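As structure tokens, the structure follows; a few thoughts come after it.
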Amino acid sequence: MVIGEFLGLAAAGVLAGLLSTVVSIASIASYPALLAIGLPPLAANVTNTFALLFTGLGAAAGSRPELSGQGPLLRRLGVAAALGGAAGAALLLVTPPRVFEYVAPVLIAAAALLLLRAPHPRPRAGLAVHLSVFAVAVYTGYFGAAGGVIMFAVLTAALDQLPARVNAVKNVLGLFANAVAALGFALFGPVDWSAALPLALGLLLGGRLGPPVVRRLPGQSLRLLAAGCGLLVAAVLGYQTYV
């Protein structure tokens, strides 16, 4: 890999890390960067998922105030997220890669519209929430585009917490899902390690820089910003898939 490609992937990683932690979309920057250097779609997808693990690590390090007291919740929902990530990674390796592409725009648009509603959460982490987190993690491990928007919508509907704290939980659950999927791809998938390294370094930095930005956003602006970005991604993916 030439130095220009290395620096370009690192820069795309920083941008993607910021987008992931602030508005719940990372792949809009990282996945096209991998395609731009010549990786085929499957290799780009699994390399992107592996590198996204480092966004979660950076976001967790930067979100310690928001994660205070969240340990029991993260342990309960983290199991569902990890199992879902493993299932999604397995599906990607054994099924046609366009299966989730057809449903992704609908899922993302529905999640964005849910975020636009005024939240009326019922604080709980029961079976319905566990199943929802598992399903979103399956999607994250398989395809992942704007999976953070969907997870953020699920958690916003379930948790009676400030958006910044919900966002921190979302980032850690994404870390669990991506960690298990990344392990599977590292062992059995076509990860391009020369591309994964600079992208991961950028994602780690971007993920670390994102939480302080979220902390300064007023009121419900984080929820509305994530919803707007989700609708934009859904429109773009829908055009690419159906037109």
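Annotations
- Probing with 1.4 Å while keeping every protein chain in the model, the per residue accessible area of region 52-104 equals 46 Å².
- Computed from backbone phi, the HN-Hα couplings of region 191-203 come to 5, 8, 5, 5, 8, 5, 4, x, 5, 5, 4, x, 5 Hz, rounded to whole numbers (Karplus: 6.51 cos²θ - 1.76 cosθ + 1.60, θ = phi - 60°; Gly and Pro given as x).
- Here the Karplus relation 6.51 cos²θ - 1.76 cosθ + 1.60, evaluated at θ = phi - 60°, turns the backbone of region 55-70 into coupling constants of 4, x, 5, x, 5, 4, 5, x, 10, 4, x, 6, 8, 4, x, 8 Hz, with x for every Gly and Pro.
- If you wrap the tightest convex hull around every Cα atom of the chain and split its volume per residue, you get 105 Å³.
- Percent of Cα pairs exceeding the 22 Å cut-off, where the set is region 111-243: 43
- Here the convex hull built on the C-alpha positions of region 164-233 has a volume of 107 cubic angstrom per residue.
- Close amide-amide hydrogen proximity is noted between V191 and no other residue 5 or more places distant or on a separate chain, at a cut-off under 5 Å (H modeled in the peptide plane; Pro and chain starts excluded).
- Amide proton proximity set for Q161, modelled H, under 5 Å, gap of 5+: none
- For the chain, the relative contact order is 42 percent, taking Cα pairs closer than 8 Å that sit 6 or more residues apart in sequence and dividing their mean separation by the residue count.
- Measuring nothing but protein heavy atoms, the accessible surface of region 1-123 at 1.4 Å probe radius is 74 percent carbon and sulfur.
- Three principal axis extents of region 31-161 based on alpha-carbon atoms, in descending order, are 44, 31, 25 Å.
- Solvent exposure of region 124-243 as accessible area per residue, Å², 1.4 Å probe: 41
- Integer Hz, Karplus 6.51/-1.76/1.60 couplings in order for region 225-240, x for Gly and Pro: 5, 4, 5, x, 5, x, 5, 5, 5, 4, 5, 5, 5, x, 5, 5
The values are calculated or read from the model by the stated rules, or taken from the named source; none is laboratory data. Since the structure is predicted, the reported quantities are computational estimates derived from the model, not experimental observations. Accessible surface areas use protein heavy atoms only, side chains included; no ligands, DNA or RNA. Shrake-Rupley method; radii C 1.70, N 1.55, O 1.52, S 1.80 Å.
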